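Participant: There's a structure below that I have some questions on.
Every read-out reported here was derived from the displayed coordinates using simple, explicitly stated rules and does not represent laboratory data. In this text, all values refer to a predicted model and were calculated from it rather than measured experimentally. All Cβ positions, glycine included, derive from the backbone under ideal geometry; neighbour counts span all protein chains shown.
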Amino acid sequence: MKQTLAVLLSVVMLFGCLPVTGFPVSAGSDSAFMRIVHLDCGRKYFSADEIKGVIDMAADNSYTHVELVVGNDGLRFLPDDMSVSVSGYAYESDAVADAVRQGNTNYYDDPNGNALTESEMDEILAFAAEKDVGIIPLLNTPGHMNALMDAGESLIGEKLSYSTSERTIDVTNDTAVRFSQAFLQKYVDYFAGKGCRYFNFGADEPFLKIGVNLSGGLRGFGALLDRPGA
């Protein structure tokens, strides 16, 4: 039943993937018209085989890329080396990985799994290359970082999130910014080393939340505009 539901979910997410003709199809060509399937495998866990199935369907329907949203509220991919150094303190790989897994559980305890391993992601990238489908990884920051906020706060021992948000770093907190940058760099380096030509960091929240609500007050990140040094 679990496998059937996973396949159905993949099919639903690809409902709009109709065959496209008349454009060059090449994941490695700068001149290619990019046709991208966006798979949110951060909020919910997708196995390596399920992701390969999405890549296969994308290739069959003349799509050039699959965007893997590995970090979006949850963080569903953990490289072998998860060690990070923040503000002069080094956190060992196992401790960081355990903290992220717990953060995933706190966000959504997915019965199908917690996070992909590096060997599984290696298999996914190799499979995509065989299909001539480019992979665009996405790790959302500075918003939609529930699991990472939980992990960082448990490791560092201080509040890193902004105001009452559970998912967004406080961009005025230097430790929070450095923590986020350290993680982002780790994932950029891994995927760049595997030949990925693009990386999406989402940038959710600061632009969407800057604005005025109907009562005339600033909302979300817009409140930072009133803070000293903003």
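Participant: Assuming 0.36 nm per residue, please report the length gained on full extension of the stretch PHE199 to GLU166 beyond their Cα-Cα distance.
Facilitator: Result: 9.5 nm gained on full extension.
Participant: If we count every other residue with Cβ under 11 angstrom of TYR63's Cβ, Lys/Arg +1 and Asp/Glu -1, where does the sum land?
Facilitator: My count for the surroundings of TYR63 gives -2.
Participant: Further, regarding this structure: Run a plain Debye calculation on segment 76-171 (Cα atoms as equal point scatterers, no solvent) and give log10 I(q)/I(0) at q = 0.14, 0.16 Å⁻¹, rounded to two decimals, same order as the q list.
Facilitator: Values, matching the q order: -0.60, -0.76.
Participant: Please give me, ordered by residue number, the GluC sites (Glu not before Pro) of segment 81-187 that lie in loop per DSSP and have at most 16 other Cβ atoms within 10 Å.
Facilitator: GLU92, GLU158, GLU166
Participant: Calculate, for ASP94 and GLU158, the FRET efficiency according to 1/(1 + (r/R0)^6) with r their C-beta to C-beta distance and R0 22 Å; round to the nearest 0.05.
Facilitator: The calculated FRET efficiency here is 0.55.
Participant: At 7 Å along Cα-to-Cβ for each site, give me the label-to-label distance between ASP110 and SER85 in nm.
Facilitator: Each label point lies 7 Å from its Cα, and together they span 3.2 nm.
Participant: Which is farthest toward the positive dipole end of segment 125-202 among GLY134, ASN173, GLY157, measuring Cα position about the Cα centre, with Cβ charges +1 (Lys, Arg) and -1 (Asp, Glu)?
Facilitator: GLY134
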